[in-house]
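A.B. asks: Below is the structure I would like to discuss, written out as structure tokens.
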């Protein structure tokens, strides 16, 4: 007699799996990657390759030889971490900085907690913040390396727009005066190409293209990026309306720094973000607020990495107390 | 400079005193009076919190022991008789000695004995499988082989044998806490007296189908043929619902039933290896 | 915007391959196996004995309690035996086995095709006919229909909702009856409205069956009180609570019944059975069943007598294909896997589906990546990832607080999980245990 399969319902499964999702994230990162490679040439390629290979390699070594468990590098999650970390570093970073960051990201932030799905903090951001604190000079060196593709384009920028503003304000200039000094700070420039910043921050448009892809493929829900951007816009808008000479306008705040990269790719990391739509809104608002507080009142010019990490630590609490909208609002008594 | 240090010391000391006072007041307000004997009894217990005694944990069991009139029916399977004697002595109560017990798996439906009729493809859990259907063999009673008992055992005393697909009890580690009995949805596992020198006999099958049906599903099934009942000199074996059961209180371990069983459903544990009949004849000659 | 339910849901591929095959009458076999447990509640009690002659439509078992139903013979012949017989899950159920001999029907059953439009029966007569005909809900749960049509004292229904959603992939039996017997179904709905004493009736059909919607709507003038609503395609639209939400925007309270939201939901197949019982005097002993699969030679819809063995149904579409790995009674989302191919069909059997290993074998489980997709697709607003964890740890109090008892076991969570975790397998066990605890708790 034929032996049939027997299992509880349902008997079919959607084509989705973890690997497919991770590949989708990489595809969504592709436009930004291409723009970076165009601008930063070999150094961008080098950073991305070192990041992806090191992350996958470290995960493999730890699973195979240290934990002696099943090796799960084929799910591509380590590769995504590596690429994201590369996109979060300055383009002139040396390869060994990337290597060190990747080891910390996977070895410390991911595997010590038990691997995929168990970590509290976004591994790529832990790697970045580790490097930022340990190598502050290298991590704020925004010199632009040579690129074969970009021959002839002026590449004089040595600081990020946010740092320029922060510095200028500290010297007693108004926002308008600073803006006039640096023609690179026009919105048009920032939307398409913004040299001065991390590898992945070059083009806001390329990042938004990635967001559209992720939304269309239903990899992420819009809640987190939308609430982060809205909160930043509202918060900075209030200050800007009060005093436009001391505070930058909302659009400037959204387009500069790592806000787009962070809200689209870093804050939406499944493992470290809330499970419910309501939780995602709280998380997004929290990230937006902390980012703006650090930008305006902190000593760092940019704060989204810290904001996301701080909110990561609140996620378990959000998951515990913020429940989804239940189908039945009332319970039948008796 | 020195005033700064003084102020600091003063402030911190004041804060410390204030907090200590708060702690003291709260501790006094919410103090719960407890019988000191509960702590003593709990200290005697093994602290495994396995639930084998029927209480939620060792402390709960200690509370019940202190409150109880007599200790009849109160037994910590992990600590066994020595611990219960100490508990009884501390509480000034009498306790009768209980026979040590051990978990036995009443199914011999190994992968060889019991051909599979379907392939189970759900969560690896006997509970899930039992809720779904009668099992992946022709036997509706036997072990489902997903290992819920092994997961439930707090003492790592049960392991699934990958070759037979059946659980194996490590009798050194087994404390007869009964967690496996509760975890098995088919009721395959039974707590039985360990027996003198750990020797015991039991019917390793609970299939209630008629002989032919049971035998077709599993070559080691009890077919209710009554042979064991007939040979038993102590009336220790009964057949009910087509399946034999040996009463361990009556069994004197003569092993006649095991010899008579045509399917090998009666299992003997820890006996010296039986010599084949011809060899015995030769020896006598 | 087409109507649908608010929370969650998934969009599995349709696979309605048998939608174009007209209903054919399945040949009567030599032997049928009629189970005594074809409904929710206590098994029916046989009133025939071995050797008795029975006719088609003759009452052979009567209800053995309040929650039970009548069972009628689906063939004419001799009772061969009454014995425990394995159902599709391999569990033994008391079964009347009948050796078929000819096809002699009970007198009084109207076997013509004439549509009897005029309703002469009173409310009480309709309910009695439904009970006497052994009608049970044909949507899957097999709840005795006469009980559902008798709201408990103090409760009143505002709406009768007819479920023609057929949201499960592959199934086409409801589609076919709506297409081929639309007026009969509408009369059945009207009969149930009279039994319930309601004046409003909504008939929900998913938009992927435009021909069925058109067929029902052509009788709009004759049945103005029944509104046929085209629903957006989304699984599990055919779930009672989801259908009520989609059609009238009301939410059934937790632990409540549809009647608590003022609605009674009946499947369109049940409506047809009610029509046949009341207007044609024909008890429920046959129904339309889809026999399908991508790997079977044919995909057909049959009018099938209750008690037909599943392997005989497969023979009619070319036998069990070599590639077949799983047989399912019902749809792929909520149907039951068949362990015993010799098991017989029951009243609520709606389909026999054949799937290949590639389509159905569960993939390797990986780690939960906390993507929250299970939360997103849960139509009851629960957190399956959490319930799964709690159920595995047997944390009953936490499970109750997280409302595992609201789970409708639709399978959206397991269907969608990218880590292939068997969420519902464990949740189902936890839910059963929690419901047992809730039932044993004294009512306030």
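The values are calculated or read from the model by the stated rules, or taken from the named source; none is laboratory data. Remember, predicted model here, so these are calculated numbers, not experimental data. FYI the Cβ positions are ideal-geometry reconstructions off the backbone, even for glycines, and counts take in every protein chain you see.
A.B. asks: Condition check: surrounded by 17 or more Cβ atoms within 10 Å (Cβ to Cβ), without any contact (Cβ under 8 Å) to a residue 60 or more places away in the chain, within 14 Å of chain C (Cβ to nearest Cβ) and within 29 Å of residue A:25 (Cβ to Cβ). Does residue A:271 satisfy that?
C.D. replies: No: the conditions fail for residue A:271.
Let's see how each residue does on (1) outside any helix (DSSP H, G or I); (2) at pLDDT 85 or above; (3) surrounded by 15 or more Cβ atoms within 10 Å (Cβ to Cβ); (4) assigned by TED's automatic domain parsing to the domain that holds residue B:183:
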site: B:26; (1), (2), (3), (4): no, yes, no, no
site: B:40; (1), (2), (3), (4): no, yes, yes, no
site: B:46; (1), (2), (3), (4): yes, yes, yes, no
site: B:50; (1), (2), (3), (4): yes, no, yes, no
site: B:66; (1), (2), (3), (4): no, yes, yes, no
site: B:72; (1), (2), (3), (4): yes, no, no, no
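Here's the yes/no breakdown for (1) at pLDDT below 95; (2) part of a loop (DSSP other than H, G, I, E, B); (3) surrounded by 13 or more Cβ atoms within 10 Å (Cβ to Cβ):
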{"residue": "C:65", "(1), (2), (3)": "yes, yes, no"}
{"residue": "C:95", "(1), (2), (3)": "no, no, yes"}
{"residue": "C:98", "(1), (2), (3)": "no, no, yes"}
{"residue": "C:103", "(1), (2), (3)": "yes, yes, no"}
{"residue": "C:108", "(1), (2), (3)": "yes, yes, no"}
{"residue": "C:113", "(1), (2), (3)": "yes, yes, no"}
{"residue": "C:116", "(1), (2), (3)": "yes, yes, yes"}
{"residue": "C:119", "(1), (2), (3)": "yes, yes, yes"}
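A.B. asks: Consider residue C:400 carefully, then state whether it is over 30 Å from residue C:255 (Cβ atoms), out of contact with any strand residue (DSSP E or B) (no Cβ under 8 Å at 6 or more places or on another chain) and free of Cβ contacts under 8 Å to residues at least 40 places away in the same chain.
C.D. replies: no
A.B. asks: Sort through C:83, C:118 and tell me the only one that's within 14 Å of another protein chain (Cβ to nearest Cβ) and either over 29 Å from residue B:138 (Cβ atoms) or free of Cβ contacts under 8 Å to residues at least 60 places away in the same chain (or both).
C.D. replies: After ruling out the rest, the residue left standing is C:83.
A.B. asks: Quickly run through the stretch A:304-331 and pick out the residues that are within 14 Å of chain C (Cβ to nearest Cβ), surrounded by 14 or more Cβ atoms within 10 Å (Cβ to Cβ) and in a helix (DSSP H, G or I).
C.D. replies: A:312, A:315, A:318, A:319
A.B. asks: Given the conditions (1) under 17 Å from the mean Cα position of the chain (by Cα); (2) assigned to a loop (DSSP other than H, G, I, E, B), and given that residue C:161 satisfies all but one, which numbered condition is not satisfied?
C.D. replies: (2)
A.B. asks: Can you name the residue in the stretch A:198-221 that is within 15 Å of the chain's Cα centre (by Cα) and part of a loop (DSSP other than H, G, I, E, B) and, of all such residues, is surrounded by the most Cβ atoms within 10 Å (Cβ to Cβ)?
C.D. replies: Only one residue tops the list, namely A:202.
A.B. asks: Sort out which residues of the stretch C:241-252 are part of a loop (DSSP other than H, G, I, E, B) and farther than 22 Å from residue C:142 by Cα, and write them in order of number.
C.D. replies: C:249, C:250, C:251
A.B. asks: I want to confirm something. Restricting to the stretch C:388-398 and keeping residues that are in contact with a helix residue (DSSP H, G or I) (Cβ under 8 Å, 6 or more places away or on another chain) and more than 12 Å from chain A (Cβ to nearest Cβ), which single residue is nearest to residue C:8 (Cα to Cα)?
C.D. replies: The residue in question is C:388.
A.B. asks: Further, regarding this structure: Can residue C:238 be described as under 16 Å from residue C:269 (Cβ atoms), assigned by TED's automatic domain parsing to the domain that holds residue C:167 and part of a loop (DSSP other than H, G, I, E, B)?
C.D. replies: yes
A.B. asks: Another one. In the stretch C:40-55, what residues are in a strand (DSSP E or B) and within 23 Å of the chain's Cα centre (by Cα)?
C.D. replies: As a first pass, look at the stretch C:40-55 and keep what is in a strand (DSSP E or B): C:45-46, C:53-54.
Within the stretch C:40-55, C:45 is the sole residue that qualifies.
A.B. asks: Facing chain A (nearest Cβ under 7 Å), surrounded by fewer than 24 Cβ atoms within 10 Å (Cβ to Cβ) and touching a strand residue (DSSP E or B) at 6+ places or on another chain (Cβ under 7 Å), is that true of residue C:361?
C.D. replies: So residue C:361 passes the test.
A.B. asks: OK, next. Look at the stretch A:108-140 and say how many of its residues are within 16 Å of residue A:63 (Cα to Cα), within 19 Å of the chain's Cα centre (by Cα) and assigned to a helix (DSSP H, G or I).
C.D. replies: Result for the stretch A:108-140: 3.
A.B. asks: Then there is this: Which residues, counting only those in the stretch C:402-421, are at the interface with chain A (Cβ under 10 Å from one of its Cβ atoms) and over 24 Å from the mean Cα position of the chain (by Cα)?
C.D. replies: C:402, C:403, C:417, C:418, C:419, C:420
A.B. asks: With the checklist (1) closer than 30 Å to residue A:123 by Cα; (2) out of contact with any helix residue (DSSP H, G or I) (no Cβ under 9 Å at 6 or more places or on another chain); (3) more than 8 Å from every other protein chain (Cβ to nearest Cβ) in hand, flag the one item residue C:374 doesn't pass.
C.D. replies: Evaluating residue C:374 over (1) closer than 30 Å to residue A:123 by Cα; (2) out of contact with any helix residue (DSSP H, G or I) (no Cβ under 9 Å at 6 or more places or on another chain); (3) more than 8 Å from every other protein chain (Cβ to nearest Cβ) leaves (2) as the failure.
A.B. asks: Mind counting the residues in the stretch C:264-304 that are in a strand (DSSP E or B) and within 14 Å of chain A (Cβ to nearest Cβ)?
C.D. replies: Residues meeting the conditions: 1.
A.B. asks: Output the number of residues of the stretch B:106-153 satisfying the condition of being assigned to a helix (DSSP H, G or I), closer than 18 Å to residue B:206 by Cα and touching a strand residue (DSSP E or B) at 6+ places or on another chain (Cβ under 6 Å).
C.D. replies: 1
A.B. asks: Let me ask another. Confirm whether residue A:25 is within 12 Å of chain C (Cβ to nearest Cβ), buried (at least 18 other Cβ atoms within 10 Å of the Cβ) and farther than 20 Å from residue C:421 by Cβ.
C.D. replies: Yes: the conditions hold for residue A:25.
A.B. asks: Specify which of the listed residues (C:374, C:412, C:417) is crowded, with 24+ Cβ neighbours inside 10 Å and either in contact with a strand residue (DSSP E or B) (Cβ under 9 Å, 6 or more places away or on another chain) or free of Cβ contacts under 8 Å to residues at least 12 places away in the same chain (or both).
C.D. replies: From the options C:374, C:412, C:417, the qualifying one is C:412.
A.B. asks: Turning to a different aspect of this structure: Within the stretch A:40-77, restricting attention to residues that are surrounded by fewer than 16 Cβ atoms within 10 Å (Cβ to Cβ) and assigned to a loop (DSSP other than H, G, I, E, B), which residue is nearest to the chain's Cα centre (by Cα)?
C.D. replies: Selected residue: A:71.
A.B. asks: Would you please name the residue that is farthest from the other protein chains (Cβ to nearest Cβ), looking only at residues in the stretch C:246-258 that are surrounded by 24 or more Cβ atoms within 10 Å (Cβ to Cβ) and in contact (Cβ under 8 Å) with a residue 60 or more places away in the chain?
C.D. replies: Only one residue tops the list, namely C:247.
A.B. asks: Taking the conditions exactly as written (within 20 Å of the chain's Cα centre (by Cα), in a loop (DSSP other than H, G, I, E, B) and surrounded by fewer than 20 Cβ atoms within 10 Å (Cβ to Cβ)), does residue B:156 satisfy them or not? Full working, then the answer.
C.D. replies: Working: within 20 Å of the chain's Cα centre (by Cα): yes; in a loop (DSSP other than H, G, I, E, B): yes; surrounded by fewer than 20 Cβ atoms within 10 Å (Cβ to Cβ): yes.
Criteria met by residue B:156.
A.B. asks: Would you say residue C:89 is within 14 Å of chain B (Cβ to nearest Cβ) and within 17 Å of residue C:346 (Cβ to Cβ)?
C.D. replies: yes
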